[in-house]
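The structure under discussion appears below in the form of structure tokens.
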Amino acid sequence: MAPNGDDQDHYQPHDAVAASFKGAMHIGGAGLFVAAIQNVLTVQKLSAWSIFTRSGGMIATFGAIGATYEFSRHASANLRQKDDSYNHAIGGFLAGSLIGLRTGRMPPILGWGTVTAVILSAYDYTGGTLRGARRDPEVDEYERKEKLRLNRRRPVEETLAEVGEGRSIRPPGYEERRRQRLKEKYGVDIQTVSADPNAA
């Protein structure tokens, strides 16, 4: 059956096996790091090999989680011929269910799978970065910032009407208006003093 739509016409298949191998190495390496920290923090004197003998199951679980996530994410993308957040949800559910699999009970398996699927699909849906939305590479950065400045620029009269004069805000004619207010309120005429010695 031929795929329909523009996204499906331009879809490039992914190598799921290579991605699962990379995922197993990356997440398995994180598991090895956690196991090494646990090995160092034990009170008993242990050898360097105890990382594998004592915590080998945790390293294997981390590696299996990484491999399962990457393989199922890319395999579902290849089958659906779409790159979207559903692939991350499928991969997250299968990888998260491996965390609950150690308990041997169905509620933790479904719970961990659901939590991981929601977190990973939401992370991908919101841009896949913690730095905010991605910038469009087609838009010039200078023009984008100028457009934002013009969009948020307000007339100085509006700002003065809201904030008011004084407190280092001195629009044109401020000294004359200040002198008039002081004369009306206190009956004192204030003459401005210039710092220029040549001024009259």
(message) Let's see if you can work this out: charge +1 on each Lys and Arg Cβ, -1 on each Asp and Glu Cβ, no other charges. What is the dipole magnitude of the chain about its Cα centre, in debye to the nearest 20?
(response) 980
(request) Only helices at least 27 Å long along their axis, Cα-based, and averaging -1.0 or more on Kyte-Doolittle count here, so list those DSSP H runs from the chain. (result) 16-40, 50-80, 106-125
(message) Of the listed values (i) -0.92, -1.13, -1.18, -1.29; (ii) -0.70, -1.03, -1.15, -1.38; (iii) -0.77, -1.05, -1.14, -1.31, identify the label whose number matches log10 I(q)/I(0) by the Debye sum over Cα atoms at q = 0.13, 0.16, 0.17, 0.19 Å⁻¹ calculated from this model.
(response) (i)
(message) For the chain, set up a GNM with springs between Cα atoms under 10 Å and report which of ARG152, ARG80, ARG105 has the largest fluctuation.
(response) ARG152
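The numbers here are math on the coordinates, done by the rules we state, and not lab data. In this text the structure is predicted, and so the values were computed from the model without any measurement. Cβ atoms come from the backbone with ideal geometry, glycine included; neighbour counts cover every protein chain shown.
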